[in-house]
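The values are calculated or read from the model by the stated rules, or taken from the named source; none is laboratory data. Everything numeric here is computed off the predicted structure, so don't read it as measured data. Here the Cβ positions follow ideal geometry from the backbone for every residue, glycine too, while neighbour counts run over all protein chains shown. Remember, those area values only see protein heavy atoms, side chains included, never the ligands or the DNA or RNA. Shrake-Rupley method; radii C 1.70, N 1.55, O 1.52, S 1.80 Å.
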Amino acid sequence: QNGGRVGSESSEDLERWQSVFAAVTERELRLYESAPWSPEAWGGPLHTCPLISTRLVSSSRQTDMITFSVRCGTPEGVLTHHLRAETHRDLANWARALVQGSHNCAQSQHELVCREYVY
């Protein structure tokens, strides 16, 4: 598992950013309010995104912040999470974990069913 905090410390950015703890498991991207310290806490993330439908879509450097965005397909639609990394190395590690995790998850699927929507 890979874990790390994403958020912002400056007073202006506190209104825009919420500090979270993120973890990539074999099958999910999980976002927690804080670092889980018990098995029960690990089982109760704020948001869970299946890696099979999660994509890293962008990264950028805005002033002194390094940000990245992920899109997660859910039964209710596509959710976008904008996250912040502390360093470029952290960003590279998150990108690697998300991309390799989604590829590994897809390879381990024996069957994948997709719905077709016609408008």
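Only one of the numbered conditions (1) in a strand (DSSP E or B); (2) open to solvent by 70 Å² or more (accessible area, probe 1.4 Å); (3) in contact with a helix residue (DSSP H, G or I) (Cβ under 8 Å, 6 or more places away or on another chain) is violated by Glu26, and that is (1). Exactly one residue out of Ala85, Ala95 is surrounded by 13 or more Cβ atoms within 10 Å (Cβ to Cβ), closer than 11 Å to Arg55 by Cα and aliphatic (A, V, I, L, M), and it is Ala95.
Is one or more of the residues making up the stretch 67-81 among the aromatic types (Phe, Trp, Tyr) and at pLDDT below 90? For the stretch 67-81, residues among the aromatic types (Phe, Trp, Tyr) and at pLDDT below 90: absent.
Selection of the stretch 47-75 for residues being more than 19 Å from Arg96 (Cβ to Cβ), open to solvent by 50 Å² or more (accessible area, probe 1.4 Å) and under 13 Å from the mean Cα position of the chain (by Cα) yields His47, Thr48.
Regarding Val78, is this residue open to solvent by less than 20 Å² (accessible area, probe 1.4 Å) and either under 30 Å from Glu111 (Cβ atoms) or touching a Leu at 6+ places or on another chain (Cβ under 6 Å) (or both)? No, not satisfied.
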